[in-house]
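S.K.: Below is one structure. I have some questions about it.
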């Protein structure tokens, strides 16, 4: 019933997108399906265009929750701003009971943690585990990483017991962006804990483009900061870059099934920007250069070429 409602809503706002999108993920029955997007809260036509594309994707790929990697609201944060920059653009997804999980960006007021639809439960950092899954997600506040947050993360990761440990926050630890580049301070603070406890995927924003980083010390890193903001030509492809795109707006679909995580990045027009699979290798002794649960690109899977 929920999927039929979503399809009906999408048909009224984006019929062409339903035809143009080629959803490539397996869409397995019992997999964990979710959406990733960031730097989205402009309240303008660009946000609405991407939001319509995401709703159209949901009709084909029924993700149950969405991960927001920060800069959820630009400018004012009145009740009207929450309506214009979140509730209206994502109404089809909210009506389909998609649950949103937010993290704080540098343009966000910490009081966003009190906004119930962001599901932060009043906290700047928190974790959640989707039902019937082998994954746990850890939302961090990369604006201010103090000893308290580090201690919390160390404890939560140690106790998680999940095969997939996915962290999401705003500032990318690795980036080829000319404007910002890698967040060296946050990397110094977070990476040792990620390696110690087997974090295998990190989702970030901040840079207004899409970049998939080559696995660093066994961890897969993705930047999705162009879901309403775009900085054309800012991606200076480097030895870090596995795939990058700074010519348009983007969002990601992800699916976890067993030890495989499938991903597909789409533009606002329905074009596939990137896709592939990463495989969780299994438990290994952590070192200063290898996470305890590393991932690798699955053999035989090649990223697609933008249309």
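Nothing in this text is a laboratory measurement; each read-out follows from the coordinates by a stated rule. Values in this document were obtained by computation on a predicted structure and should not be read as measured data. Note: ideal-geometry Cβ built from the backbone for every residue, glycine included; neighbour counts use all protein chains shown.
S.K.: What is the list of residues in segment 226-263 whose amide nitrogen lies under 12 Å from a point 7 angstrom out from the Cα of residue 214, following Cα to Cβ?
M.R.: Under cut-off, by backbone N: 238-243.
S.K.: Please list, by residue number, everything in segment 141-167 whose backbone N is under 18 Å from a paramagnetic label point 7 Å out along Cα→Cβ of residue 188.
M.R.: 142-151
S.K.: Return the single residue from 238, 176, 160 with maximal mean-square fluctuation; model: Gaussian network over the chain, springs between Cα atoms under 10 Å.
M.R.: 238
S.K.: Before anything else, pin down the relative contact order of segment 74-159: Cα pairs under 8 Å, at least 6 apart, normalised by residue count, whole percent.
M.R.: The value is 21 percent.
S.K.: Starting from the Cα gyration tensor of segment 227-285, take the square roots of the eigenvalues, sort them a ≥ b ≥ c, and report rounded, prolate or oblate (rounded when a/c is under 1.5, otherwise prolate if a/b is larger than b/c, else oblate).
M.R.: Oblate.
S.K.: For 94, 153, what ranking results if the residue with the fewest other Cβ atoms within 10 Å of its Cβ goes first?
M.R.: Fewest-to-most Cβ neighbours within 10 Å comes out as 94, 153.
S.K.: With a Cα-only, solvent-free Debye model of segment 140-243, what are the log10 I(q)/I(0) values at q = 0.14, 0.15 Å⁻¹?
M.R.: Once normalised to I(0) and log-transformed, intensities are -0.52, -0.60.
S.K.: With label points built 7 Å along Cα→Cβ from the Cα atoms of residue 296 and residue 114, find their separation and express it in nm.
M.R.: For the pair residue 296/residue 114, the computed spacing is 5.0 nm.
S.K.: Sum -39500 (n - 2.57) across every DSSP H segment of at least 4 residues in the chain, then divide by the residue count to get the 222 nm mean residue ellipticity, nearest 500.
M.R.: Calculated at 222 nm, the ellipticity per residue is -7000 deg cm²/dmol.
S.K.: Note the direction-averaged projected area, equal to a quarter of the hull surface, for the Cα convex hull of the chain, in nm².
M.R.: Average of the hull's projected areas for the chain equals 14.5 nm².
S.K.: While we're on this one: Sorting 188, 268 on the 10 Å Cβ count, fewest up front, what's the list?
M.R.: Listing 188, 268 from fewest to most nearby Cβ atoms yields 188, 268.
S.K.: Fewest first, what order do 210, 101, 90 take by the number of other Cβ atoms within 10 Å?
M.R.: Taking fewest neighbouring Cβ atoms as first place, the list is 101, 90, 210.
S.K.: Expected output is a single nm value to one decimal: the length gained when fully extending between residue 64 and residue 150, i.e. 0.36 nm times separation in residues minus the C-alpha distance. What is it?
M.R.: 28.1 nm
S.K.: For residue 289 and residue 44 in the same chain, what is the full-extension length gain: residue separation times 0.36 nm, less their Cα-Cα distance, in nm?
M.R.: 83.9 nm
S.K.: Separate question: Note down the nm distance, to one decimal, between modelled labels 7 Å out along Cα→Cβ at residue 129 and at residue 269.
M.R.: 4.4
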